[in-house]
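Trainee: Below are the structure tokens for one structure; questions will follow.
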Amino acid sequence: MNIININKQDWAKGLERLYDFYRLFGPVKQDKFHNFRELVKGELPDLNLVNTRLSAKSTVYPQSERLLEFTLDENREDHHILKETHKDYSPRAVIGIRPCDAKAFLLVKANFDTPEYKDPYWLQSYDASTFVGYACNAPCSTCFCTTAVCGPFSEQGLDLLLVDAQDHYLLKIITQKGEKLVAASGWRSTADSDTASHEIETLKRAAEEKITARISTDKLKDKKTTELFEAPFWEEVAFACINCGTCTYVCPTCWCFDIQDETLGLSGIRMRNWDSCMFPLFTLHGSGHNPRSTKMQRVRQRFMHKLKYYVDKYGDGIQCVGCGRCIRHCPVNIDIRRVCDLMNNFEA
Amino acid sequence: MQNPYLPYPVRIEEIITETEDKNLKTFKLVFLNLDDQEKFTYTPGQFAGLSVAGKGEIPIGIASSPTEKGFLMFTINKVGLVTSHIHAMKAGDIMGVRGPLGNWYPWEVMEGKNVVIIGGGFAFTTLRSSIIYILDPDNRPKFKDIHVIYGARTPGMLLYRDELARWEKRDDIHMHITVDGTDDPDWKYHIGFVPTITDQQAPPGNEETFAIICGPPIMIKFTQPVLDDLGYVHDNIIMSLEMRMKCGIGICGRCNIGKEYVCKDGPVFTLSQLNNMPKEY
């Protein structure tokens, strides 16, 4: 396994070269917090952060996205016919994505890339992306990635892993895509593999030890769905919820969307926007009937989806990477770690 | 990469107002491109996304049968933004059809069996597709006795009245048409709710008999115990569900019941399957 040693003074120079080959995305401080967005040539990702407020999912799956286009101009032969629209799927590099957010893409892929249907927008964006992960030396108190089958130095879903070793960076090459990016960057100084591996291992262990919050998920798959669904704790779990939807917007593994048409004059687009199971409109029928009309039903849906339905549907663990955003930003302190324990320990 | 969000362009060929309240209209659609028509191969019980550029897309059951060639038929209740707009459209207008979507009634499993079709209100659309399909000379020998129990509020609210009258005259299908009430002294069919008529007219249940139910939740709720009493096996009670949908392909996340997406894993489920799913529909 190749590890590159990057003098911090050479970091910017390498990124500068990448602009010739990639669209670059990275964390940028906007107002009081960091978020991912496309960087303009010459701009550097701001790596002085714990994690971004919103997850990195927008780099592949934007909050609002054009799907199709049409004209309403009846003088045109193709009026009212929905058509493909041009999208930019040229290579892009996502710099500074935390390992939790990268792992989240793998979980979400199960939804967008199915044997029957492929979501062309998500998949083309994902395939065009090279993910340069940024290992967490200083995780925060709400992080529980180590027990969510991830970790502060997890390489799952990453092409490269960047490790901040104080006076220099170590860049671990994980995939061919990663190797290609390194070649384009001009960072050449191969580190002594044994020393660098040891250095990374030490930092990794130190970071993992800082993560004390844990969840247990071992018994979820053997629970009966209908029994968990009828469990007595849901009213209490949902009691304080105000259905603001923040948990779903900040979550790297929430993928639900709405589809809407928008027009301006005689031209229009069909677009999709992130949606949320926290909103009553999400499931409201035209007739007025709503299968999830109460907030308890909606809160239950969110946790059941992440911690039971997903587990059963894909047989690949929970739909959560332990980033802790929903815990940090919930205005009423609903904690997925506690709900997970309630579910895992539930006996009907 | 095949784009599953892209509808096929179609032209409205004919519009038929079905019911006395004028709230239900049938739209006969023809494909602009023959290639698209070839690709759109469907089975009774499936639905499609109907698109109006600038307004949006809605999921609607396919009312035509694959044995009827050259067009698709949808019967649409005027409810919201898109359906209201469609109701105001005219023959010749262009719209889009995406699909076919979802699963279908289990025709292969039902071969050699009795089939009882139970429908209420405007949910009769995919059941019309099914009846046309079964009565096709190539298909009719594959099934034993066929019963249809169909109810609406009034005689004028029944869909496909000309066809109902034709089926009524045949001897290879037992029609049991009913209305909740009528002041028509010449009404010669049943009066009563669907569950009651099912109790009186449906053949007894056994391994050889299937019931397909499609209707408003209240009708389903009260018909189910009747079928239980008649001895219907839960594996043989087939239901079609409705949900608010967007993508129609199991991706956008809203139409789930437990881990199943009604748009992709359904809309057709057996009662046995539903018994093991959360009651959230």
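Trainee: Specify the residue that is surrounded by the fewest Cβ atoms within 10 Å (Cβ to Cβ); the eligible residues are those in the range A:75-131 that are touching a strand residue (DSSP E or B) at 6+ places or on another chain (Cβ under 8 Å), assigned to a loop (DSSP other than H, G, I, E, B) and free of Cβ contacts under 8 Å to residues at least 40 places away in the same chain.
Mentor: A:78
Trainee: Here is a follow-up. Among B:257, B:238, which is the only one that is within 14 Å of chain A (Cβ to nearest Cβ), of a type in the set (A, V, I, L, M) and either in contact (Cβ under 8 Å) with a residue 40 or more places away in the chain or within 21 Å of residue A:305 (Cβ to Cβ) (or both)?
Mentor: Sole residue among the options that is within 14 Å of chain A (Cβ to nearest Cβ), of a type in the set (A, V, I, L, M) and either in contact (Cβ under 8 Å) with a residue 40 or more places away in the chain or within 21 Å of residue A:305 (Cβ to Cβ) (or both): B:257.
Trainee: Whether any residue in the range B:261-274 is assigned to a loop (DSSP other than H, G, I, E, B), in contact with a Ser or Thr (Cβ under 8 Å, 6 or more places away or on another chain) and at the interface with chain A (Cβ under 10 Å from one of its Cβ atoms) is what I want to check.
Mentor: No, the range B:261-274 has no match at all.
Trainee: Right, something else. When the range A:70-80 is examined, which residues are found to be within 10 Å of chain B (Cβ to nearest Cβ) and farther than 11 Å from residue A:268 by Cα?
Mentor: Within the range A:70-80, A:74, A:78 qualify.
Trainee: When you scan the range B:239-246, do you find a residue that is surrounded by fewer than 23 Cβ atoms within 10 Å (Cβ to Cβ) and part of a helix (DSSP H, G or I), even just one?
Mentor: no
Trainee: Hey, another quick one. Does any residue of the range B:131-147 turn out to be touching a residue at least 40 places away in the same chain (Cβ under 8 Å), under 30 Å from residue B:3 (Cβ atoms) and away from chain A (no Cβ under 14 Å)?
Mentor: yes
Trainee: Further question on the same structure: For the range A:167-264, which fully contained helices (runs of 4 or more DSSP H) count at least 2 residues that are of a type outside the set (A, V, I, L, M), in contact (Cβ under 8 Å) with a residue 12 or more places away in the chain and more than 14 Å from every other protein chain (Cβ to nearest Cβ)?
Mentor: Where helices (runs of 4 or more DSSP H) fall fully within the range A:167-264 and carry at least 2 residues being of a type outside the set (A, V, I, L, M), in contact (Cβ under 8 Å) with a residue 12 or more places away in the chain and more than 14 Å from every other protein chain (Cβ to nearest Cβ), they are A:176-185, A:193-210, A:246-250.
Trainee: Right, another one. Any idea which of B:97, B:115 is buried (at least 22 other Cβ atoms within 10 Å of the Cβ), among the hydrophobic types (A, V, I, L, M, F, W, C) and under 24 Å from residue B:226 (Cβ atoms)?
Mentor: B:115
Trainee: So is residue A:269 part of a strand (DSSP E or B), of a type in the set (Val, Ile, Thr) and touching a Ser or Thr at 6+ places or on another chain (Cβ under 9 Å) or not?
Mentor: Answer is yes for this residue.
Trainee: How many residues are modelled with pLDDT under 95 and either within 14 Å of chain B (Cβ to nearest Cβ) or over 30 Å from residue A:15 (Cβ atoms) (or both) when one looks only at the range A:117-141?
Mentor: 1
Trainee: Scan the strands (runs of 3 or more DSSP E) fully inside the range B:1-85 and keep the ones with 1 or more residues being more than 22 Å from residue A:287 (Cβ to Cβ), within 14 Å of another protein chain (Cβ to nearest Cβ) and more than 21 Å from the chain's Cα centre (by Cα).
Mentor: Fully inside the range B:1-85 and qualifying: B:8-17, B:24-31.
Trainee: OK, next. Kindly establish whether residue A:275 is modelled with pLDDT of 95 or more and within 11 Å of chain B (Cβ to nearest Cβ).
Mentor: yes
Trainee: What's the number of the condition residue A:159 fails, among (1) more than 13 Å from residue A:102 (Cα to Cα); (2) in contact with a Phe, Trp or Tyr (Cβ under 6 Å, 6 or more places away or on another chain); (3) in contact (Cβ under 8 Å) with a residue 24 or more places away in the chain?
Mentor: (1)
Trainee: For residue A:54, are the conditions met, namely being outside the structural domain of residue A:252 (by TED's automatic domain parsing), farther than 17 Å from residue A:104 by Cβ and of a type in the set (A, V, I, L, M, F, W, C)?
Mentor: Answer is no for this residue.
Trainee: Specify the residue that is nearest to residue B:104 (Cα to Cα); the eligible residues are those in the range B:188-218 that are touching a helix residue (DSSP H, G or I) at 6+ places or on another chain (Cβ under 6 Å) and part of a loop (DSSP other than H, G, I, E, B).
Mentor: B:215
Trainee: Condition check: loosely packed, with under 15 Cβ neighbours inside 10 Å, on the phi < 0 side of the Ramachandran plot, in contact with a Leu (Cβ under 7 Å, 6 or more places away or on another chain) and not in a strand (DSSP E or B). Does residue B:185 satisfy that?
Mentor: On the way: loosely packed, with under 15 Cβ neighbours inside 10 Å: yes; on the phi < 0 side of the Ramachandran plot: yes; in contact with a Leu (Cβ under 7 Å, 6 or more places away or on another chain): no; not in a strand (DSSP E or B): yes.
Against the criterion (loosely packed, with under 15 Cβ neighbours inside 10 Å, on the phi < 0 side of the Ramachandran plot, in contact with a Leu (Cβ under 7 Å, 6 or more places away or on another chain) and not in a strand (DSSP E or B)), residue B:185 does not qualify.
The values are calculated or read from the model by the stated rules, or taken from the named source; none is laboratory data. Quick caveat: nothing in here was measured; it's all calculated off a predicted structure. Neighbour counts are summed over all protein chains in view; Cβ atoms, including those assigned to glycine, are modelled from backbone coordinates with ideal geometry.
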